[in-house]
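Below is one structure, written out as structure tokens, with a few remarks after it.
Here, each number is a calculation from the coordinates, and none is a lab measurement. Treat the numbers as computed from the prediction; the structure is a model and nothing was measured. Heads up, the Cβs are rebuilt from the backbone with ideal geometry, glycines too, and the neighbour counts pull from every protein chain shown.
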Amino acid sequence: MGAAMTRHRPSKAARPPRPPLVIDAIPFALLDEPLEYIFADHARQRAVCAALQDFAETGFASRSEADIVTAFLTHDRPIHHADEEEDLFPLLRRRSVPDDNLGAALARLGEDHRRGDAIVDDIVAALSERPGRQRVTVSDAVGELMQVYAADEHRHLAIENGVVLAIAKIRLTRRDLRIMSRGMKARRGVVQS
């Protein structure tokens, strides 16, 4: 690529303030509807991406928001990926028909998860620096990683929502959904009745 890209950081006066970041927990009762649970978790991931884009643009994050994003990326994200890779994707591979053309898409989504791990590790390390400070400075290099991760994640979520979950709603049986629900509950330590 030639010269390094320099991000333009709008002045505070030019930017409308972003509402404080809140990542609400999804009620465990929704685990009985595993596809809806995954869809709801995708909304939480979009909120994290919006925060990361904001951190990158402003060059800082409040300690509380950095901690929220770090907790999500280190705890919730891996569980969500396990939901997909251990439950959703294998069931879809079994139930899909050739016209669904899902094989390559599911392989790519799994690769996206693994490729994102290294970027997430760097983002978490940057957001975890100097825990006593009220504000975390985001360097240009880390800001670029945040922008790349957010853009990749938006594309990834669009495919999962628009293609994978749409086909799953058609192809998966009630039994498949019960199997998914059990796996997702077990992953979260939810006692099953």
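Examine region 147-157 for a residue that is part of a helix (DSSP H, G or I), β-branched (Val, Ile, Thr), touching a residue at least 24 places away in the same chain (Cβ under 8 Å) and surrounded by 14 or more Cβ atoms within 10 Å (Cβ to Cβ), and state whether such a residue exists.
Yes - at least one qualifying residue is present in region 147-157.
Give Ser96, Ser62 a once-over and let me know the one that is surrounded by fewer than 18 Cβ atoms within 10 Å (Cβ to Cβ) and polar (S, T, N, Q).
None of the other options fit; the residue is Ser62.
Just for region 41-59: of the residues that are among the polar types (S, T, N, Q) and either free of Cβ contacts under 8 Å to residues at least 12 places away in the same chain or surrounded by fewer than 19 Cβ atoms within 10 Å (Cβ to Cβ) (or both), which one is nearest to Val136 (Cα to Cα)?
In this case the residue turns out to be Thr58.
Filter region 14-33 for residues that are in contact (Cβ under 8 Å) with a residue 12 or more places away in the chain and in contact with an Asp or Glu (Cβ under 7 Å, 6 or more places away or on another chain); which is farthest from Leu165 (Cα to Cα)?
For region 14-33, the residue satisfying everything is Arg18.
Return the residue satisfying two criteria in turn: it lies in region 158-193 and is β-branched (Val, Ile, Thr) and part of a helix (DSSP H, G or I), and of such residues it is surrounded by the fewest Cβ atoms within 10 Å (Cβ to Cβ).
Going through the qualifying residues, I end up with Ile170.
I need the full set of residues from region 77-93 which are surrounded by fewer than 18 Cβ atoms within 10 Å (Cβ to Cβ) and touching a Leu at 6+ places or on another chain (Cβ under 7 Å), in order please.
Scanning region 77-93 gives a single hit, Arg93.
Hand me the list of helices (runs of 4 or more DSSP H) wholly inside region 11-92 holding 2 or more residues that are in contact with a strand residue (DSSP E or B) (Cβ under 8 Å, 6 or more places away or on another chain) and under 27 Å from Arg130 (Cα atoms).
34-58, 63-71
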